[in-house]
Every structure is written in C-alpha cells, then in structure tokens.
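Notes to accompany the following structure.
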Amino acid sequence: VSTETVPLIDHHCHEVAAGDLDRPAFELLINEGFDPPAAGTSHLDTPIGLAVRRWCAPVLDLEPHVSAEEYVARRSELGAQEVNRRLLGGAGVGALLLDLGYRPGDALSPAAMSGLTGGRWFEVVRLEKAAEAVAARGVEADDYPDELAGYLEDAAASAVGFKSIVAYRGGFAFDPSPPARADVVRAAAAWLHDAGSGRARLEDPVLLRHAIWTGVELARPRGFPIQFHSGFGDPDLRLHLTDPSLLTDLVLSLRDLGVNVVFLHCYPYHREAGYLAAVLPNVYFDIGPMLNYTGPSASSVLAQALELAPFTRQLYSSDAFGLAELHYLGAVLFRRALGRVLEAWIASDECSPDDAERIVGLLSRENARRIYPLGGE
Ligand SMILES: [Zn+2]
C-alpha cells in the first residue's frame with residue numbers, strides 16, 4: 001500500500017521552536033507533563049524516546065538507535081534552523097492545520113513552517129482563547145456576548161475550524177444546552193471583574209458553554225467542524241472527565257444542526273470515539289500524538305482505532321508541539337502503522353489491495369478535505 005508516499009493533511013498541530021534547545025529544554029518538549037525528569041532519569045527513556053532515536057537520528061546523519069546524548073549533541077551541532085528544515089521537509093505533509101492558541105516560546109511562524117514542509121497552512125481558532133482575548137481588551141458584561149461573536153466572526157474569516165479545550169477546564173460532564181443570555185451576562189460580570197485584576201483564565205461553566213455555542217452558530221453557515229481536545233494531554237486534565245462519550249448529548253444537538261465534531265487525541269478513549277463515529281453521522285476523530293507517544297506500539301493503537309469506526313471518520317494529525325521531531329515522527333509512524341495494519345488485513349484476505357489503497361487515501365487526506373473548507377487543497 002502507498003502509505004510511504006501519500007501527501008498527508010495534518011489536521012491538528014502546533015508551531016515548533018525556532019531557536020536551539022539544550023538538553024533540559026529538549027527533555028521538557030518530549031513529554032506532555034510540565035516537570036523535568038525525576039533525578040537520575042530521562043524523558044527519553046520512553047517509547048517516544050526510542051522512536052526519536054530510531055527514526056529521527058538518520059535524518060540528522062546519525063545511525064539508528066544512537067544514544068540520547070549523541071542525538072541531542074548532533075542536534076545542537078547542526079543548529080535548530082537546519083534541524084527544522086530537515087525534519088519538517090521530510091514529513092511529506094501537504095497541508096498543516098495549525099492551532100495557534102498555545103505556542104512554544106520562540107515559535108517559527110506559520111508561513112516559515114509551511115515553507116519548510118512545502119505545503120499550505122490553515123488556522124483553527126481556539127474558542128476559549130478568543131473569549132480570554134475579548135476579556136483582556138476590556139468589555140462591559142452586557143456587551144460580552146456580542147463582542148465574542150464579533151471577535152470570532154473576524155477570526156473565522158481566515159480560519160477553517162474552531163477548537164475547544166473545555167476538556168482542560170472541568171471536562172465534558174457539563175450541561176450541553178446553550179445558556180440563556182441573562183445567565184451569560186451575569187457570569188461575565190463576575191469573570192470580567194476578576195479578569196480586570198489579571199485573572200482572565202476562562203473557567204466558568206456557563207461562559208465555557210457559551211463560547212462553544214457561539215462557535216457552533218458561526219461554524220454552521222461556514223461548514224466548520226468543531227474540534228474537542230479529548231483524552232491524553234498534560235496534567236491540567238482530569239482524564240476520566242475527557243472521555244468523548246460524556247459529550248454525547250452535545251454531539252446529538254450538533255448533529256441536528258449539521259455541525260461536525262472532531263475528537264482530538266482520544267487515548268485511552270479512542271474506542272469510545274470509534275463507537276460514536278460508528279453510530280453518529282457527525283463524529284470524526286484522530287489518535288494524534290499517541291502515534292508519537294506510544295512509539296513502537298503505534299500500530300497496535302492505530303489497529304484499535306480501526307476496529308469499529310468507519311474509515312471515512314478517522315483523520316491524521318501529529319499534534320506536534322515545539323519539536324520538529326514530532327512533526328516528522330508523527331508522519332513516519334502513521335505511515336508505518338497504517339501500512340502494517342492494512343498489509344496484515346491483505347495477508348489474511350480480509351481486505352483487497354484496492355480497498356487498502358482507498359483506506360489510506362481517506363485517513364491520510366480525503367476525510368480532512370471533506371470536512372474542512374480547504375479550498376483546492
Ligand atoms: Zn494539540
């Protein structure tokens with residue numbers, strides 16, 4: 001199957017650091033937590049560490065499986081610019097959908113990134129970040145609903161979708177109905193009072209729901225999907241509250257409005273996401289960073305994600321953040337994992353080579369092209 005050559009659409013990823021990284025900075029970016037490794041250990045003694053040393057080392061002219069010390073030393077020797085050029089250029093990604101709402105310190109610009117990958121880039125707008133930006137620039141509570149709608153309308157003009165990180169702000173067990181305007185204004189008054197004293201983090205459940213529903217109203221006529229972070233992430237999460245099936249009632253409401261939902265990451269709830277995709281017409285998902293973080297086990301996680309879900313509902317993403325390695329590795333591991341799963345299906349005569357080719361195209365790019373307004377991409 002042609003997994004090695006198909007140009008991918010990475011429908012959820014972030015910017016990479018532009019400057020050189022020392023060992024502690026590299027260690028932090030190769031881990032979803034915020035803490036340095038425990039004394040006497042390394043974040044590279046992990047499945048993702050094995051995968052970087054195996055697959056990224058040759059791109060930096062090293063033997064596969066070089067030591068972590070040699071890898072990081074070679075990285076410094078080449079310099080971040082050359083490392084980013086080689087790894088982003090080698091990923092074979094035809095289009096990047098960037099979430100610019102959370103960025104590394106000295107991020108390479110989207111234009112520079114798409115220049116290095118050789119493809120186009122598109123933006124996905126974070127709803128909670130937009131609400132925080134509206135609060136930060138100063139607004140009366142009465143005007144807050146209209147100001148947020150106006151802000152998102154402007155942002156939507158150059159975007160292809162919205163994203164919610166409500167998973168990080170209390171999780172999915174919230175009232176799925178749109179809040180009344182009076183309740184929003186009341187909650188906004190309390191929040192904006194706090195925001196005035198520098199505490200602008202959006203955590204109020206009414207305002208979180210309102211941001212999502214404001215996004216839904218704008219997504220509908222534009223044909224935007226709404227992405228939801230779910231499952232695996234940093235320790236700001238309470239993991240059990242980010243199971244996509246907790247969002248079933250909201251997904252049903254959005255089905256009736258014709259708005260697609262894309263669950264990002266999902267692990268360890270990728271089977272729950274696959275179930276929702278199997279029974280509801282507006283559910284899409286990916287296993288994003290799990291390809292990288294499970295390294296040698298990427299094929300078994302992808303095989304689980306392919307157990308039940310329609311082939312028309314799963315998308316490719318790297319969820320790469322900070323390190324060009326994560327863009328490259330995501331692509332390599334996706335190609336390898338999908339190839340291995342489908343070749344096993346062909347070998348046991350469960351799937352024809354033609355069907356396997358079609359599945360490669362769907363997951364790699366066609367599903368993304370169908371649900372995001374990417375123009376000619
Ligand atoms: Zn992400």
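The values are calculated or read from the model by the stated rules, or taken from the named source; none is laboratory data. Model, not experiment: these values are computed from the prediction. Don't worry about glycine lacking a Cβ; one is built from the backbone with ideal geometry, like all the others, and counts go over all protein chains shown. Just so you know, the surface numbers come from the protein's heavy atoms only, side chains and all, with ligands and any DNA or RNA stripped out. Shrake-Rupley method; radii C 1.70, N 1.55, O 1.52, S 1.80 Å.
Of all the criteria given as (1) within 16 Å of the ligand (Cβ to nearest atom); (2) surrounded by fewer than 23 Cβ atoms within 10 Å (Cβ to Cβ); (3) under 23 Å from residue 152 (Cβ atoms), the one not satisfied by residue 104 is (3).
Residues that are closer than 23 Å to residue 320 by Cβ, of a type in the set (S, T, N, Q) and without any contact (Cβ under 8 Å) to a residue 60 or more places away in the chain within region 246-303 comprise 299, 300, listed in sequence order.
Would you confirm, using the coordinates I've provided, whether residue 15 is in contact (Cβ under 8 Å) with a residue 40 or more places away in the chain, within 16 Å of the ligand (Cβ to nearest atom) and in contact with a Leu (Cβ under 6 Å, 6 or more places away or on another chain)? So residue 15 passes the test.
Screening residue 288 with (1) under 13 Å from the mean Cα position of the chain (by Cα); (2) open to solvent by 20 Å² or more (accessible area, probe 1.4 Å) gives one miss only, at (2). The residue that is farthest from the chain's Cα centre (by Cα), among those in region 320-377 that are open to solvent by 20 Å² or more (accessible area, probe 1.4 Å) and on the phi > 0 side of the Ramachandran plot, is 349.
For region 186-203, does any single residue satisfy the condition of being of a type in the set (S, T, N, Q) and crowded, with 21+ Cβ neighbours inside 10 Å?
No - not one qualifying residue is present in region 186-203.
Matching residues to (1) assigned to a helix (DSSP H, G or I); (2) surrounded by 15 or more Cβ atoms within 10 Å (Cβ to Cβ); (3) at pLDDT 95 or above:
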position: 81; (1), (2), (3): yes, no, yes
position: 85; (1), (2), (3): yes, yes, yes
position: 88; (1), (2), (3): yes, yes, yes
position: 96; (1), (2), (3): no, yes, yes
position: 113; (1), (2), (3): yes, yes, yes
position: 125; (1), (2), (3): no, yes, yes
position: 135; (1), (2), (3): yes, yes, no
position: 147; (1), (2), (3): yes, yes, yes
position: 151; (1), (2), (3): yes, yes, yes
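Being under 24 Å from residue 316 (Cβ atoms), in contact (Cβ under 8 Å) with a residue 12 or more places away in the chain and in contact with a Phe, Trp or Tyr (Cβ under 8 Å, 6 or more places away or on another chain) is a property that residue 59 has. Restricting 12, 43 to those that are under 20 Å from the mean Cα position of the chain (by Cα), at pLDDT 95 or above and crowded, with 18+ Cβ neighbours inside 10 Å reduces the list to 12. Check region 55-76 and report whether any residue there is more than 26 Å from residue 294 (Cα to Cα) and not polar (S, T, N, Q). Scanning region 55-76, I find no residue that is more than 26 Å from residue 294 (Cα to Cα) and not polar (S, T, N, Q), so the answer is no. Sort through 73, 38, 25 and tell me the only one that's open to solvent by 10 Å² or more (accessible area, probe 1.4 Å), more than 16 Å from the ligand (Cβ to nearest atom), free of Cβ contacts under 8 Å to residues at least 24 places away in the same chain and not in a helix (DSSP H, G or I). Testing whether each residue is open to solvent by 10 Å² or more (accessible area, probe 1.4 Å), more than 16 Å from the ligand (Cβ to nearest atom), free of Cβ contacts under 8 Å to residues at least 24 places away in the same chain and not in a helix (DSSP H, G or I) leaves just 38.
So which residues in region 149-181 are polar (S, T, N, Q) and either more than 18 Å from the chain's Cα centre (by Cα) or over 24 Å from residue 236 (Cβ atoms) (or both), if there are any at all? Steps first, please.
Of all residues in region 149-181, those polar (S, T, N, Q) come to 158, 164, 177.
Hits for region 149-181 are 158, 177.
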